[in-house]
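S.K.: For reference, the structure I am asking about is given below.
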Amino acid sequence: MGVLAVTGSTGNVGGRVARLLAAAGVPQRLIVRDPARAPRLAGASLAIATYSDGEAARRALDGVQTLFMVSGAEAADRVDQHRSFIDTAVAQDDIAEVVSAVLREPAGYDAATLSLTGREALTFHDIAEVLGARYEPETVDEAYASRAKYGAPDWQVDAWVSTYTAVAAGELAGITDTVQRITGHPPRTLADLLER
Ligand SMILES: NC(=O)c1ccc[n+]([C@@H]2O[C@H](COP(=O)([O-])OP(=O)(O)OC[C@H]3O[C@@H](n4cnc5c(N)ncnc54)[C@H](OP(=O)(O)O)[C@@H]3O)[C@@H](O)[C@H]2O)c1
């Protein structure tokens, strides 16, 4: 049987996926940039590669049949990271469970795109209310202005703001049953996370 490889195991999502696979007794190859920071997990071997190094990537991927590749993290600004923690840390566990289940039985998912959502369609007003806070909408110009203080390059500010323009355009609207269907349990809610 071909090798199963996971990147990003030094980070949030990849780390959760790798731990779930190890707990399920699945052998895996962790492809990392810095082996000193790789999680020590039963059944896991290490290979070293960064995405931009084609030679190292080819060596690290030798014999790999199934790969979970975490997209390279953008350096988000700290305030946005703290805000997004609230509505994504629930999501990371659900994502990792779905990924771990798919990696263990990948045959049915060739070329599949899975859209994962929570079980509630929340507006930012709803989220603020749950947190006992108040949501203040910004225009696109205000969004750029409020992020200007970080001195980030234009592409990065575009990336930050585009998250919210995508939400405003309804691109992230709607809920799916993918988490329930694949993990057998409903997605975690914001209230679940806050309780935890
Ligand atoms: N977690 C969230 O709430 C959230 C929300 C929206 C989008 N996302 C996106 O989802 C992705 C994963 O999120 P995360 O929270 O797991 O990120 P993370 O904790 O920052 O982890 C990113 C992982 O990817 C590895 N990595 C980054 N660039 C790499 C490269 N060029 N070559 C090889 N490995 C590389 C990192 O390795 P090192 O440890 O060596 O840096 C790290 O293990 C990111 O792209 C993030 O922007 C996350």
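The values are calculated or read from the model by the stated rules, or taken from the named source; none is laboratory data. Worth saying up front: this structure is predicted, and the values here are computed from it rather than measured. In this analysis, Cβ positions are derived from the backbone assuming ideal geometry, glycine residues included, and neighbour counts consider all displayed protein chains. Just the protein is used for accessible areas: all its heavy atoms, side chains included, with ligands, DNA and RNA removed. Shrake-Rupley method; radii C 1.70, N 1.55, O 1.52, S 1.80 Å.
S.K.: Under the 0.36 nm per residue contour assumption, what length would be gained going from the current alpha-carbon distance of Ala107 and Glu136 to full extension? Could you put the intermediate results ahead of the total?
M.R.: Details: separation 29, 0.36 × 29 = 10.44 nm, distance 4.55 nm.
Between Ala107 and Glu136, full extension yields 5.9 nm more.
S.K.: Sticking with this one: Testing the spin-label approximation: label points 7 Å from Cα along Cα→Cβ at Ala159 and Glu55. State their distance in nm.
M.R.: 2.7
S.K.: What FRET efficiency would be calculated for the residue pair Val167, Arg19, taking the C-beta separation as r and a Förster radius of 35 Å, to the nearest 0.05?
M.R.: Numbers: r = 30 Å, r/R0 = 0.86.
That gives a FRET efficiency of 0.70.
S.K.: Which value results for Rg/Rh of the range 86-196 when Rg is the Cα radius of gyration and Rh the Kirkwood radius based on the inverse mean 1/r?
M.R.: Numbers: Rg = 16.7 Å, Rh = 16.2 Å.
With Rg and the Kirkwood Rh in hand, the quotient comes to 1.03.
S.K.: Quick one: with all protein chains in place, what share of the accessible area of the chain is carbon or sulfur, to the nearest percent (1.4 Å probe)?
M.R.: Working: 6480 of 12210 Å².
Of all accessible area on the chain, carbon and sulfur atoms account for 53 percent.
S.K.: Can you tell me the Rg and Dmax of the chain, counting just the alpha carbons, in angstroms?
M.R.: Over the chain's Cα set, Rg and Dmax evaluate to 18.7, 54 Å.
S.K.: Just reorder Ser146, Ser52, Ser115, Ser9 by solvent-accessible area, largest first, 1.4 Å probe, all chains present. Kindly include the intermediate steps, with their values, before the conclusion.
M.R.: Values: Ser146 40, Ser52 110, Ser115 65, Ser9 5 Å².
Ranking Ser146, Ser52, Ser115, Ser9 by accessible area, largest first, yields Ser52, Ser115, Ser146, Ser9.
S.K.: How many angstrom lie between the C-alpha centres of the range 31-61 and the range 122-196?
M.R.: Using only Cα atoms, the two centres lie 32 Å from each other.
S.K.: By the scheme Lys and Arg +1, Asp and Glu -1, what is the net charge of all other residues having a beta-carbon under 12 Å from that of Ala60? All intermediate terms of the calculation are to be shown ahead of the outcome.
M.R.: Details: positive: Arg29, Arg33, Arg58, Arg59; negative: Asp53, Glu55, Asp62.
Result for the neighbourhood of Ala60: +1.
S.K.: Then there is this: Mean 1/r over all different Cα pairs, inverted: what Kirkwood radius does the range 157-196 give, in Å?
M.R.: Working: mean 1/r = 0.0806 Å⁻¹.
The answer is 12.4 Å.
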